[in-house]
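Student: A single structure is presented below for examination.
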Amino acid sequence: MAFHRAQFRRGILRVLRIRGRPPPGAAGARESQQLLAELTSAQGRLRDLAVMEERQRLAREMHDAVGHRLTAAAVLLEGAGRLIPSEPARAIRMVETSREQVRQGLDELRAAVSALRERAQGMQPLRDVLAALVDVYAQGTEAHISLDLQAELPEPEPDRKTVIVRTAQEALTNVQKHAAATRIELALRSRDGSYVLTCRDNGRGITGARAESPRPTPRPAPPGTGWETSVRVPPRSAAASIWSRCPMAEHCCA
């Protein structure tokens with residue numbers, strides 16, 4: 001890895017030196033083309049090595065954290081098996097401890113996978129991340145889920161991108177749990193430097209809840225009443241805002 005980085009730096013230095021020369025002739029043109037090819041090749045190798053390093057780091061993390069938990073749980077279970085005839089109470093305590101080890105290992109595994117997913121999402125355009133998210137949710141519900149994105153949607157900063165994705169996940173999850181909807185629409189627009197994410201459905205709707213509440217307590221309304229929630233994600237200097245309404249069925253994914 002260090003060799004390729006050094007090679008890349010040398011190529012950059014050569015570019016800087018060439019920029020100070022007079023316009024090249026045929027020999028100079030060939031040298032420039034060769035240099036460009038070398039730089040392109042070095043960049044490709046750097047990307048491949050970065051991916052390899054990330055995989056190795058994740059493997060070490062899995063081995064050090066999850067592997068340790070599972071090994072400890074296995075040892076405890078083996079010991080509990082031997083103690084069942086003579087010390088059943090102690091064996092039960094060991095089983096409980098091993099269960100906790102497995103639970104903690106699962107939590108650490110989820111955290112590692114979540115961090116890896118966030119890094120992968122950070123490298124993907126927002127529209128691709130939301131499209132993948134909708135595909136995942138569509139596989140787990142009978143409702144039709146559509147995605148409506150503004151044409152030429154500008155790419156947000158990483159922090160705002162995370163907020164938008166997390167909000168979309170929460171909105172889709174709430175609809176799946178509470179709305180009994182047959183149609184769900186997720187829409188994203190960019191306005192005056194802010195992003196407005198809207199999730200609407202044609203399900204039960206909610207009554208008796210404050211419209212500005214981001215997670216109102218669901219109370220069944222007539223079927224088809226629907227519910228619509230919008231979240232405005234502004235630049236960092238301003239606070240986010242959320243509003244909801246309970247439109248009639250013909251205005252909600254009709």
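Student: All but one of (1) at pLDDT 90 or above; (2) out of contact with any Asp or Glu (no Cβ under 9 Å at 6 or more places or on another chain) hold for Thr198; state the number of the condition that does not hold.
Tutor: All conditions are met except number (2).
Student: Report every pair of residues separated by at least 6 positions or lying on different chains whose Cβ atoms are under 7 Å apart, first residue within the range 105-133 and part of a helix (DSSP H, G or I), second hydrophobic (A, V, I, L, M, F, W, C) and modelled with pLDDT under 85.
Tutor: Short answer, once both residue conditions are applied: Gly105/Val66; Gly105/Leu70; Glu108/Ala65; Glu108/Val66; Leu109/Val66; Ala112/Leu58; Ala112/Met62; Leu116/Leu58.
Student: Do you know which of the residues in the range 134-169 that are part of a helix (DSSP H, G or I) and free of Cβ contacts under 8 Å to residues at least 12 places away in the same chain is nearest to Asp201 (Cα to Cα)? Spell out how you get there, then give the answer.
Tutor: Taking the range 134-169 and keeping what is part of a helix (DSSP H, G or I), we get 134-139, 158-169.
Next, from what is left, pick out any that are free of Cβ contacts under 8 Å to residues at least 12 places away in the same chain: 135-136, 138-139, 166.
On the way: Asp135: 17, Val136: 18, Ala138: 14, Gln139: 17, Arg166: 18 Å.
Here the answer is Ala138.
The values are calculated or read from the model by the stated rules, or taken from the named source; none is laboratory data. On a predicted model such as this, the values are computed, not experimentally measured, just so you know. Glycine gets a Cβ as well: all are built from the backbone with ideal geometry, and neighbour counts include every protein chain shown.
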